[in-house]
Structure formats: structure tokens, C-alpha cells
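To keep things clear, I will list the structure first and then write my remarks on it.
The values are calculated or read from the model by the stated rules, or taken from the named source; none is laboratory data. Given the structure is predicted, the values throughout are model-derived calculations rather than measurements. Here the Cβ positions follow ideal geometry from the backbone for every residue, glycine too, while neighbour counts run over all protein chains shown.
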Amino acid sequence: MGTEPAEQVSWGPYSGEDEEVYSAEPLPELCYKADVQAFSRAFQPSVTLVVAALGLAGNGLVLATHLAARRAVRSPTSAHLLQLALADLLLALTLPFAAAGALQGWSLGSATCRAISGLYSASFHAGFLFLACISADRYVAIARALPAGPRPSAPGRAHVVSAIVWLLSLLLALPALLFSQDGQREGQRRCRLVFPEGLTQTVKGASAMAQVVLGFALPLGVMAACYALLGRTLLAARGPERRRALRVVVALVAAFVVLQLPYSLALLLDTADLLAARERSCPASKRKDLALLVTGGLALARCGLNPVLYAFLGLRFRQDLRRLLRGGSCRPGPHPRGRCPRPPRLSSCSAPTETHSVSSWDY
Amino acid sequence: MASQAAAILALSLLILWTSPALGGANDAEDCCLSVTQRPIPGNIVRAFRHLLIKDGCRVPAVVFTTLRGHQLCAPPDQPWVDRIIRRLQKNSAKNKRHGS
């Protein structure tokens, strides 16, 4: 019984053993993430710059082709495809800023930080919402085309929907617009979203719930339902174009599942952690950061690949592109500077096997 | 009426949306994942710094560097933490006076 109780030792003058007493029971220590940060410094700018280049070129081409064709937007799908290209182009414009900020710190001040973050957030959400719109448009087009032949849908309604989507996206970007700030940490300035400390836990919980329900479940539900119904309709349909249309649907769904779903799920798990105030160990927290980083890069890649998946696979786009590249003529030679003769359904440039029911949704 | 109220509620919730950070993912900052509720003896602490929400951390904390170089996480709103911080500040002021 000659030793003092542990409690007293730990409060005594420092002897070298005190910390042993304390580190025997794990005390929460700072979680160093130097390895994740090193990976992020290499991964983030390279992905960001590649996606920016792809996105600027692809979406720029989509918009340029549309402007050059000077065609009034006909179907809701084509209207939403244009808006999708616009959203992705805006997103791609913000990416070089993000890459520069990740590489050498944010040097453009708080106002620019807010503007760029707001634009990034708004265009990211707009892209996601327009994808859901396109899936709905396509289902409606197919469902209409099948029993009683295609009926023209009001183009005005597509514009109203587009306006609502942009308004919603701006609303969703409000936190980024309001609360982004350029803060200093360990000698580097960063542009990041910092919620004011006054926000209570219930408010944070409510906002996280809104994010999960409206940002994840709703678009995913719309897309899943529309493409499932569409697939079923196509499987029941007959005709030479069926296989091609099915292939496009499968490609779209696969791309969405591979590119967007992992990030949405990672975000969902992260939000669940935040809501449950769950404590993770340092290695688990690093794994989570790594998962968010990699899946976030994939989700970003979606904006560079959208033109390929949605516009380039379409017939009318390919015709217009051909026309744009050949300086306004359909074929070199026989038609001198004339625009390609365009009957209401398909132009003479398209393959004869591709028929109306495909072109009505596969722009 | 009920659907209108629901729409307004949904919109006001949407305003508080937390969107993905610029660059695709959140920064992996060095942060405290939790804080100790058991007081740390002040005499094993050599230095302190704050890692707050504005630094990109979810759990605001005071980080105490111990004599052995461990970085312990403490809650910023506890009186025992304030006491240690005051003592460290007093000590560093004393050292500066000695140094000059």
C-alpha cells in the first residue's frame, strides 16, 4: 500500500508518468489527415481540370450547335437538354477556380469566393434536377407515342419547368452564396462554406434532412420510376428501333448509377453521421473523407460526360453538328450552301432505319 | 391550404440546404473528432490552440499540446479549459518578459 492512488499522481507535479496514466485510457486526440490531404492535393486539381476541359468543350459544342442550327426548341426534352448543357458549362467554368484554390490557396477575396461557390452549387443542383426532368420527358414522350401516336407537347411548359428548376437551384445555392468565406488556416487561404455558429442543432438537422429527402431521394425516385417504366414500355414494344432505344436507356442508367449514386450514398452516410452526432475513429474518419473525395470526383465527371450521353447519342444533334462542321451544307457537293432539307420528322441525313418513335425522345 | 403550407415549409428547409463544397468534396482538415469530458491536468500541457467550426471542423475544440507532444482535444466551453488557457497565457507573457 505504499503507492499513491492514481488520481493523486496525475495531479501531482509532472514526473513523466502522468501522461502514461492518461494515455492508458484513450483520450480524444487530434486526428491528423496529412496522407488524405496529400492525396487530395494531387487528385482534386487533376480531376477538376480534366472535367473542366471536357465540360467546356462538350457543352460548348452542344450550345454552339444549337445556336448555329437556329432551330426553335421543339420538344421538352430538347429544351431541358439545352438547359443541362448550360448548367454543366457554368459548372465547368467554376472548376478552374476550384483547382487553382486547391493548388495555391484562394487569392481572389471573399466576394469572388461567394460568387464562385454560389454558381458552382446552383449549376450542380440544376444539372441533377434537369437529369430528372429529362427522364420524365422521355417517359412522357414514349408513353404518348405508343397508344395514340405522338401529340405535340406545349413548348411553353418546358420553359416554365426550366425556370422553376433554375429558381430552385438558386435557392439551394443560397447557403453557398451567403455563408462561403475565404478563411485562413495554416498559412493557406481557403474558400469554403462555414455555417454561422448560432445555428442550433435542430436547424442543422432539419436542413440535413431536407438535403437527403429533396436532394437525393426525390431526383433518384423520379429517375428510377421513369426509366423503369420506360424500359418496361420498350421491352413490350416491337420494331427495329427498340434495341437501339433500349441501349441508350441502359447506358444512361448505368452512367448515373456509376457516377452519381456513390457520391449521393457517401453524402447520405455522412449526413447520417452528422445527424446522429456519431463519433468515428480517426482511421474511419479518414476513410470517409477519402470516399467523399473519390465519389465527388466521379459525380463531377458526370458534367463532362453528359454531352456524350445525352446529346451526342441523339440523332438530331448529330445532324446539326455535321451541318455546323461542314459550314452549313448537308453534304459536300450536291447542295450548294443550302440547308439540309428538313421534313417535319427526320432529315434526309439520318439513317433510314431510325424512325419517328425514337426521334421523338432521343434528341 | 395544407399543401401550400407544406410547400412553404419545404422551401424554407431548402434554403438551409448544405451543398457540396467547392471542388467536389469537403476538405480533409486536421480536426478533433470528439473532446474529453474528463479534466486534463494543467501541468502536463505545454501549448494550446483553437480548432473551431470556422476552421472547417465539425467539433469545436481546444487542442492542448502535452509535454510529450500528444495533441489532446478539450471542449472550449469548460471552466477547467479556460483555467489552463489563462495559465498558459500568463506563463508565455512571463517568458517574454524574461526573454527581453
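Grab the helices (runs of 4 or more DSSP H) fully contained in the range A:188-293, keeping just those with 3 or more residues being surrounded by fewer than 14 Cβ atoms within 10 Å (Cβ to Cβ), more than 8 Å from chain B (Cβ to nearest Cβ) and at pLDDT below 80. Hits in the range A:188-293: A:241-259. Within the range A:113-138, residues that are more than 10 Å from every other protein chain (Cβ to nearest Cβ) reach partners that are among the polar types (S, T, N, Q) with beta carbons closer than 7 Å, at six or more positions or on different chains, in the pairs A:Arg114/A:Ser180; A:Ala126/A:Ser169; A:Leu129/A:Ser169; A:Phe130/A:Gln83; A:Ile134/A:Thr77; A:Asp137/A:Thr77; A:Arg138/A:Thr77. Scanning the range A:171-183 for residues being in a strand (DSSP E or B) and within 9 Å of chain B (Cβ to nearest Cβ) gives a total of 3.
Per-residue answers, yes or no, for (1) modelled with pLDDT of 90 or more; (2) farther than 20 Å from B:Ser92 by Cβ:
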| position | (1), (2) |
| --- | --- |
| B:Ala7 | no, yes |
| B:Leu11 | no, yes |
| B:Cys32 | yes, yes |
| B:Arg58 | no, yes |
| B:Val62 | yes, no |
| B:Ala74 | yes, no |
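Go through the range B:26-54 and report how many residues are part of a strand (DSSP E or B) and facing chain A (nearest Cβ under 7 Å). Number satisfying all stated conditions: 1. A:Ile142 passes every criterion in (1) in a helix (DSSP H, G or I); (2) modelled with pLDDT of 85 or more apart from (2). Going through (1) small (Gly, Ala, Ser); (2) out of contact with any Ser or Thr (no Cβ under 6 Å at 6 or more places or on another chain); (3) assigned to a helix (DSSP H, G or I) one by one, A:Ser107 falls short only on (3).
In summary, B:Val62 fulfils each of the numbered conditions (1) surrounded by fewer than 15 Cβ atoms within 10 Å (Cβ to Cβ); (2) not in a loop (DSSP other than H, G, I, E, B) with the single exception of condition (1).
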